[in-house]
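The values are calculated or read from the model by the stated rules, or taken from the named source; none is laboratory data. In this text the structure is predicted, and so the values were computed from the model without any measurement. Glycine also receives a Cβ, built like all others from the backbone with ideal geometry; neighbour counts cover every protein chain displayed. Protein only, heavy atoms only, side chains kept; ligands, DNA and RNA dropped before computing areas. Shrake-Rupley method; radii C 1.70, N 1.55, O 1.52, S 1.80 Å.
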Amino acid sequence: MKRHILKTWGEAVRQLNETQAALSLDTPIKIILVYEDYYKAECLEELFRLDPEIVNDYNYWLMTINEFEMFFHTYKSNQELFFDIIVNKIELEHTQSHEGREMELLLSQKGISENLYIQESEIIQQYQRIEELVRSISNN
């Protein structure tokens, strides 16, 4: 687990820092996307404990792809709510809250519990069509 955190998240943090420097950005939000949904947002603190050369500026967000899709769909449907969530998330990260910092939790608190991006982009329907095609081919 430690090796995974150091290698994967550490590399992401270094890339984000290089991008921040290259673009001369003051305090950007830096999102580390993960496939796994079993990490809590607070787990990112472990990276900074394991590698003291990486400095936590409290602008890093650990987010699953599902959370990312739900979050950015919120921008499409309700920009005011989107920016309200950003303000809340920034505060939670800067205070290092241990009451839950997952984007899914923040979205849920605002009544968002489904990934409407997947539904509206018809990804599920495309998957089902492919699945039906594969089943029909395998049944022949």
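Going through the stretch 68-87 one residue at a time, which ones are hydrophobic (A, V, I, L, M, F, W, C) and without any contact (Cβ under 8 Å) to a residue 40 or more places away in the chain? Working first, answer last.
Of the residues in the stretch 68-87, the ones hydrophobic (A, V, I, L, M, F, W, C) are 68, 70-72, 81-83, 85-87.
Phe68, Phe71, Leu81, Phe82, Phe83, Ile85, Val87 - these are the residues of the stretch 68-87 that are hydrophobic (A, V, I, L, M, F, W, C) and without any contact (Cβ under 8 Å) to a residue 40 or more places away in the chain.
If a residue counts only when it is surrounded by 14 or more Cβ atoms within 10 Å (Cβ to Cβ), which helices (runs of 4 or more DSSP H) contained entirely in the stretch 25-140 have at least 3 such residues?
44-50, 65-77, 79-94, 103-109, 116-120
Which of the residues spanning the stretch 1-24 are among the aliphatic types (A, V, I, L, M) and open to solvent by 90 Å² or more (accessible area, probe 1.4 Å)?
Across the stretch 1-24, the qualifying residues are Met1, Leu23.
Looking at Ile90, Ile65, Ile31, which one is touching a Phe, Trp or Tyr at 6+ places or on another chain (Cβ under 6 Å) and either closer than 30 Å to Lys2 by Cβ or in contact (Cβ under 8 Å) with a residue 60 or more places away in the chain (or both)?
One residue alone meets the criteria, Ile31.
What pairs come up if the first residue lies in the stretch 110-135 and is more than 28 Å from Ile86 (Cβ to Cβ) and free of Cβ contacts under 8 Å to residues at least 40 places away in the same chain, the second is open to solvent by 90 Å² or more (accessible area, probe 1.4 Å) and among the polar types (S, T, N, Q), and their beta carbons are under 6 Å apart, counting only those six or more places apart or on different chains?
Qualifying pairs under 6 Å: none.
Looking at the stretch 59-66, is at least one residue modelled with pLDDT of 95 or more, hydroxyl-bearing (Ser, Thr, Tyr) and within 17 Å of the chain's Cα centre (by Cα)?
Yes: the stretch 59-66 contains one or more residues that are modelled with pLDDT of 95 or more, hydroxyl-bearing (Ser, Thr, Tyr) and within 17 Å of the chain's Cα centre (by Cα).
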